[in-house]
Amino acid sequence: MKKDLCLKRFLLDKRRFADVINGFIGGGELLILPEDLSLLGTQSESTRTQKYRDRLTQAAFGVNFMVIGIEGQESTHYLMPLRCMSYDATEYERQATEIKKEVRRRKGVSREEWLSGFGREDRLKPCVTVVLYFGEEWDGAMSLHELIDFTDIPLKLKALINDYPIHILEIQKLTDTSMFQTDVKQVFDAIRFSKEPDKFKELIKTDPAFRELDVEAYDVIMQYTRAKEFGEIKEMVIGEEKVDMCKALTLLLEEERTQGKKEGKEEGIKEGEARACLASVKNLMANLNLTLEQTMEMLGVEPEMRKVCRNRLR
């Protein structure tokens, strides 16, 4: 739920929503403008069903508009074509329900229009769902036909079955993010390099945008890269609605170095204690002609140190 909420808050910004669509579908071309978007929340509802998406938006084009939904996925959903088709069908049903109310209020409608709840000249507005995939590789179906068993079905009958392709932006497979103009770029870059520590650190250090990152972007990175450490020090690096991720990285690296030195020192102390204990045990065994177990019992050697003595003196 935390991941879903972080993504929803992030995409609530119209600039980001438009940037995802323009970058993915348009390759950077301004297909939609932030000021032409109206956020519809996350729910598409018809008289029979309710469907929830991470973000649902209405984009205006002159006198027309288009409904665009964005759905986040961290792992492959093997029924995604059916799921997207269901999302879009529910939106069309919602529109049809609104048109039906209008048709029933009109005068002079035909019997067919009245029964259909849809006028001969009425039209539905286009709807599409874009899937943001955060996982390593999508290995599921990309269209409805891939989910259907057509074994032994004649080609002429197969041709009657409508297909339904889906649109998936696989973030970790992006090789170039220059088409994104907002902090969507930084979020996508952080996610795609998150499993390569050296590249991830270099990215944070060299891209100045990470020094003044919006909180919503920082939270998405924290959730989808599993970088819990960044969440633990968030309050130390947050300013007025901005987060210095470069400073956060520096703090984490310093903490790692300090912890490494501390562990090294502790290991050194343990080794020194072991050497001293071994010398005492060997000396007493030789002088009193005792067994190892008798000697350790006489000296009161701690259980953990006894394991060391058994490993090295037997």
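Kindly establish whether Arg257 is surrounded by fewer than 17 Cβ atoms within 10 Å (Cβ to Cβ), out of contact with any strand residue (DSSP E or B) (no Cβ under 7 Å at 6 or more places or on another chain) and at pLDDT 60 or above. Walk me through it before giving the result.
Working: surrounded by fewer than 17 Cβ atoms within 10 Å (Cβ to Cβ): yes; out of contact with any strand residue (DSSP E or B) (no Cβ under 7 Å at 6 or more places or on another chain): yes; at pLDDT 60 or above: no.
Here the answer is no, as Arg257 does not meet what is asked.
Quick one: in region 1-26, of everything that is under 19 Å from Ile166 (Cβ atoms) and small (Gly, Ala, Ser), which residue is surrounded by the fewest Cβ atoms within 10 Å (Cβ to Cβ)?
Gly26
So which residues in region 27-36 are surrounded by fewer than 20 Cβ atoms within 10 Å (Cβ to Cβ) and not in a helix (DSSP H, G or I)?
Restricting attention to region 27-36, the residues satisfying the condition of being surrounded by fewer than 20 Cβ atoms within 10 Å (Cβ to Cβ) are 27-31, 33-36.
Scanning region 27-36 gives Gly27, Gly28, Glu29, Leu30, Leu31, Leu33.
Show the residue pairs that are 6+ apart or on different chains and have beta-carbon atoms under 6 Å apart, the first residue being within region 155-178 and under 20 Å from Thr129 (Cα atoms), the second being small (Gly, Ala, Ser).
Partner pairs satisfying both residue conditions: Asp163/Ser143; Pro165/Ser143.
Just one of Gly117, Gly72 is touching a strand residue (DSSP E or B) at 6+ places or on another chain (Cβ under 6 Å), surrounded by 14 or more Cβ atoms within 10 Å (Cβ to Cβ) and either modelled with pLDDT under 95 or on the phi > 0 side of the Ramachandran plot (or both); which is it?
On the way: Gly117 fails: touching a strand residue (DSSP E or B) at 6+ places or on another chain (Cβ under 6 Å).
None of the other options fit; the residue is Gly72.
Would you check which residues across region 74-109 are touching a helix residue (DSSP H, G or I) at 6+ places or on another chain (Cβ under 9 Å), of a type outside the set (A, V, I, L, M) and not in a helix (DSSP H, G or I) and list them?
Matches in region 74-109: Glu74, His77, Tyr78, Arg106.
Answer with yes or no whether Leu115 is of a type outside the set (Val, Ile, Thr), more than 30 Å from Val184 (Cα to Cα) and assigned to a loop (DSSP other than H, G, I, E, B). Please lay out each step first, then the result.
Numbers: of a type outside the set (Val, Ile, Thr): yes; more than 30 Å from Val184 (Cα to Cα): yes; assigned to a loop (DSSP other than H, G, I, E, B): no.
No: the conditions fail for Leu115.
For every residue, the table says whether it meets (1) at pLDDT below 70; (2) surrounded by 13 or more Cβ atoms within 10 Å (Cβ to Cβ).
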position	(1), (2)
Gly239	yes, no
Leu249	no, yes
Leu252	yes, yes
Lys261	yes, no
Ala274	no, yes
Cys277	no, yes
Lys282	no, yes
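On the given criteria, is Leu144 more than 24 Å from Val67 (Cα to Cα), among the hydrophobic types (A, V, I, L, M, F, W, C) and over 13 Å from the mean Cα position of the chain (by Cα)? Talk me through it step by step, then tell me what you get.
On the way: more than 24 Å from Val67 (Cα to Cα): no; among the hydrophobic types (A, V, I, L, M, F, W, C): yes; over 13 Å from the mean Cα position of the chain (by Cα): yes.
Judged against the criteria, Leu144 is not a match.
Please determine, by comparing only the residues of region 79-114 that are of a type in the set (Ser, Thr, Tyr) and surrounded by 12 or more Cβ atoms within 10 Å (Cβ to Cβ), which one is nearest to Ile161 (Cα to Cα).
Ser86
From the set of residues in region 134-146 that are among the acidic types (Asp, Glu) and assigned to a loop (DSSP other than H, G, I, E, B), which is surrounded by the most Cβ atoms within 10 Å (Cβ to Cβ)?
Among residues in region 134-146 that are among the acidic types (Asp, Glu) and assigned to a loop (DSSP other than H, G, I, E, B), the one surrounded by the most Cβ atoms within 10 Å (Cβ to Cβ) is Glu136.
I need a count of the residues in region 147-169 that are touching a Leu at 6+ places or on another chain (Cβ under 9 Å) and either in a strand (DSSP E or B) or within 28 Å of Leu251 (Cα to Cα) (or both).
3
Lys205 fails exactly one of the following numbered conditions: (1) in contact (Cβ under 8 Å) with a residue 24 or more places away in the chain; (2) touching a strand residue (DSSP E or B) at 6+ places or on another chain (Cβ under 7 Å); (3) farther than 18 Å from Leu11 by Cβ; (4) surrounded by fewer than 18 Cβ atoms within 10 Å (Cβ to Cβ). What is the number of that condition?
Exception for Lys205: condition (2).
The values are calculated or read from the model by the stated rules, or taken from the named source; none is laboratory data. Quick caveat, the model's predicted, so the values are computed rather than measured. For neighbour counting, all protein chains shown are included, and Cβ atoms are generated from backbone atoms with ideal geometry for every residue, glycine included.
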